[in-house]
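Asker: Pasting a structure below so you can have a look.
The values are calculated or read from the model by the stated rules, or taken from the named source; none is laboratory data. Small disclaimer: the values here were computed from a predicted structure and weren't measured. FYI the Cβ positions are ideal-geometry reconstructions off the backbone, even for glycines, and counts take in every protein chain you see.
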Amino acid sequence: MSSLSSSPRKFPFKRVATAALLAGVAAAVLNLIVFAVASAADVAFIVQMDPSSPAGPLPAPSFAIGSFVPALVAGGLLLALDVFTKHPVRIFVGIAAAVALLSMGGPATVAAASFGTRVALAVMHVVAAATITTMLLRRGRAA
């Protein structure tokens with residue numbers, strides 16, 4: 001029997017899977033709230049995603065999907081780190097922080113976006129990263 005399969009898991013699959021789903025929903029809802037507040041403050045969310053196409057508005061569902069899917073990926077990463085490393089939390093937090101920092105490149109460089117759009121998108125990235133990381137680490141841990 002390998003040492004990987006016999007050691008107790010800090011993050012059991014069922015708890016992490018549930019936490020990932022809840023974190024995805026929470027991040028999506030919070031980012032839709034950020035979208036609503038920013039829209040009420042006249043942030044237009046007009047961007048040019050492809051240089052060959054004209055600028056256009058980002059649809060609200062893209063914020064929900066863009067918050068939910070990363071939660072599932074992060075849950076899978078946490079499970080893998082729990083199986084293959086001795087310090088899954090430390091490594092997970094480091095990777096989450098690095099990904100959050102790198103993700104700021106999107107809002108900072110998206111074409112045709114106003115300053116307000118860039119700020120709102122950056123806030124959404126921070127909200128998603130903080131919500132997903134916190135919920136996975138708190139709710140995914142073994143009881």
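Asker: Take the residues in the range 50-107 that are in a loop (DSSP other than H, G, I, E, B) and of a type in the set (A, V, I, L, M); name whichever of them is nearest to residue 19 (Cα to Cα).
Answerer: Filtering first and then ranking leaves 104.
Asker: Name the residues in the range 105-122 that are surrounded by fewer than 16 Cβ atoms within 10 Å (Cβ to Cβ) and touching a helix residue (DSSP H, G or I) at 6+ places or on another chain (Cβ under 6 Å), would you?
Answerer: Correct list: 122 only.
Asker: Quickly run through the range 35-49 and pick out the residues that are surrounded by 12 or more Cβ atoms within 10 Å (Cβ to Cβ), part of a loop (DSSP other than H, G, I, E, B) and touching a helix residue (DSSP H, G or I) at 6+ places or on another chain (Cβ under 8 Å).
Answerer: 43, 44, 45
Asker: Would you call residue 52 exposed (fewer than 10 other Cβ atoms within 10 Å of the Cβ), polar (S, T, N, Q) and either more than 20 Å from the chain's Cα centre (by Cα) or farther than 14 Å from residue 127 by Cα (or both)?
Answerer: Considered against the rule, which asks whether it is exposed (fewer than 10 other Cβ atoms within 10 Å of the Cβ), polar (S, T, N, Q) and either more than 20 Å from the chain's Cα centre (by Cα) or farther than 14 Å from residue 127 by Cα (or both), residue 52 comes out as yes.
Asker: Identify, by number, the condition in (1) part of a helix (DSSP H, G or I); (2) in contact with a Ser or Thr (Cβ under 9 Å, 6 or more places away or on another chain); (3) over 21 Å from residue 140 (Cβ atoms) that residue 29 doesn't meet.
Answerer: Exception for residue 29: condition (3).
Asker: Restricting the first residue to the range 81-96 and requiring it to be on the phi < 0 side of the Ramachandran plot, which pairs with a second residue that is of a type in the set (Phe, Trp, Tyr) meet a Cβ separation below 6 Å and a spacing of at least six or different chains?
Answerer: 81/92; 82/11
Asker: Where residues in the range 111-143 are over 18 Å from the mean Cα position of the chain (by Cα) and part of a helix (DSSP H, G or I), which of them is farthest from residue 51 (Cα to Cα)? Walk me through it before giving the result.
Answerer: Residues of the range 111-143 over 18 Å from the mean Cα position of the chain (by Cα): 111-117, 141-143.
Those left that are additionally part of a helix (DSSP H, G or I): 115-117.
Details: 115: 19, 116: 21, 117: 18 Å.
By that ranking, first place goes to 116.
Asker: Does residue 76 satisfy being closer than 16 Å to residue 136 by Cβ and exposed (fewer than 14 other Cβ atoms within 10 Å of the Cβ)?
Answerer: For residue 76, the condition - closer than 16 Å to residue 136 by Cβ and exposed (fewer than 14 other Cβ atoms within 10 Å of the Cβ) - is met.
Asker: Quick check on residue 32: is it under 27 Å from residue 111 (Cβ atoms), out of contact with any Leu (no Cβ under 9 Å at 6 or more places or on another chain) and either at pLDDT 95 or above or not basic (Lys, Arg) (or both)?
Answerer: Here the answer is yes, as residue 32 does meet what is asked.
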